[in-house]
Amino acid sequence: MEFVVQVLENVFGKTYDEALKLVIEIHHNGRAVCGIYTPEQASRVVDRVAQLARRNLYPLSCIAEPTS
């Protein structure tokens, strides 16, 4: 959980308390909205999270979905 909190703080700019709330939501629901970005920004964020997860050997995934 601490790795996910760090990702939320460092990549998504969340405070520790915001990150912790999102981790709990992810734990209960399997997902959470971490931010709203342009398609280009979202692609960069998804790539950054994937790189961090791979580098640190965590099975964390991040997806970008269009808003409706």
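Readers should treat all values here as calculations from the given coordinates under stated rules, not as data from a laboratory. Here the structure is a predicted model, which means the values were calculated and not measured. Backbone-built Cβ (ideal geometry, glycine too); neighbour counts: all protein chains shown.
With respect to the stated conditions, Ala32 fails to be in a helix (DSSP H, G or I) and among the small types (Gly, Ala, Ser). Taking the criterion of being of a type outside the set (Lys, Arg) and surrounded by 12 or more Cβ atoms within 10 Å (Cβ to Cβ), the residues of the range 29-45 that qualify are Ala32, Cys34, Gly35, Tyr37, Gln41, Ala42, Ser43, Val45.
Taken across the range 54-64, residues that are part of a loop (DSSP other than H, G, I, E, B), touching a residue at least 12 places away in the same chain (Cβ under 8 Å) and in contact with a Gly (Cβ under 7 Å, 6 or more places away or on another chain) do not occur at all.
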